[in-house]
Amino acid sequence: MSRKTIAVAGAEGFIGSHVMKAGGRTNDMRAVPRELWQDKTALAGFLKECDAVIMLAGLSRSDDGEKLYRVNMELVRKLANAVEGSACRVVFGSTTHEAKESPYHASKRDGAALLAAIPNETVTVLMPNTFGPGGKPFYNSVVSTFCYQAAHGETMSVSPDAGEVLLIDVQTLAAQLIGIAAGAYPGRRVVLEHRFAVPVRQIAGLLTAFQKESAEIVWDEFAVLLRKTYESYRRNS
């Protein structure tokens, strides 16, 4: 795979920061400066020099659902206009839960439809729930929340009806996004498979075992990755 110039919109976020780090080993990575979203000429000039842009910018939670939808769609429209007439591939980060009825999920569906109408190569990537160092607790991920609580000696609350969560680790996700941006065009839509199906109660149990430095832990791949995530919150506590 030849070296590519890849822009990342939302490079300061959880997934974006890992994409920047992973991609820098084999490609030229460029974070899209926030101020460029207010200057369509500058944004177009920036992206014209890139082979691909990975679109991770936007809101995922807000008390104002209409605002969330409006902000996310405006960012997608600005991106679509900016890549017009260029060879820049657009990799649009969406979710495997896109069918849900919420302003966030509607912005993902409608954003993907908007991008599908432009002549550029565009790829909507449906991503599973993601965990790893740097995830924001009390936001979208039970793993991040539980890791933060365990690292700070707080109680992890497991709902009686909590089932399995389908997860991908952020390092694997970042590598896959880079591959989609830099490799052969995979088509308009890519669904990424989860790597782990783990009961919520098991996640809490493992974290409790980490706290106690238990010798009974089975160190499978998920436990190793969860430990790294847990330790990242301990370092920042």
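Here is how the numbers come out for the structure above:
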| read-out | value |
| --- | --- |
| Meets criteria (under 30 Å from Asn27 (Cα atoms), β-branched (Val, Ile, Thr), surrounded by fewer than 18 Cβ atoms within 10 Å (Cβ to Cβ) and over 16 Å from the mean Cα position of the chain (by Cα)) for Val218 | no |
| Subset of segment 6-15 (residues that are under 11 Å from Ile178 (Cα atoms) and either more than 13 Å from the chain's Cα centre (by Cα) or small (Gly, Ala, Ser) (or both)) | Ile6, Ala7 |
| Test result for Thr95, under 20 Å from the mean Cα position of the chain (by Cα), touching a residue at least 12 places away in the same chain (Cβ under 8 Å), surrounded by 22 or more Cβ atoms within 10 Å (Cβ to Cβ) and over 20 Å from Asp39 (Cα atoms) | no |
| Ile168 part of a strand (DSSP E or B) and touching a residue at least 24 places away in the same chain (Cβ under 8 Å) | yes |
| Output for segment 91-141, where each listed residue is closer than 24 Å to Ala22 by Cα, among the aliphatic types (A, V, I, L, M) and either out of contact with any Pro (no Cβ under 7 Å at 6 or more places or on another chain) or at pLDDT below 95 (or both) | Val91, Val125, Leu126, Met127 |
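One line per residue, one yes/no per condition, for (1) among the charged types (D, E, K, R); (2) closer than 19 Å to Thr172 by Cα; (3) surrounded by fewer than 21 Cβ atoms within 10 Å (Cβ to Cβ); (4) in contact with a Lys or Arg (Cβ under 8 Å, 6 or more places away or on another chain):
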{"site": "Arg3", "(1), (2), (3), (4)": "yes, no, yes, no"}
{"site": "Ile6", "(1), (2), (3), (4)": "no, yes, no, yes"}
{"site": "Asn27", "(1), (2), (3), (4)": "no, yes, yes, yes"}
{"site": "Gln38", "(1), (2), (3), (4)": "no, no, yes, no"}
{"site": "Ala42", "(1), (2), (3), (4)": "no, no, yes, no"}
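The values are calculated or read from the model by the stated rules, or taken from the named source; none is laboratory data. Remember, it's a predicted structure, so these values are computed and weren't measured experimentally. Glycine also receives a Cβ, built like all others from the backbone with ideal geometry; neighbour counts cover every protein chain displayed.
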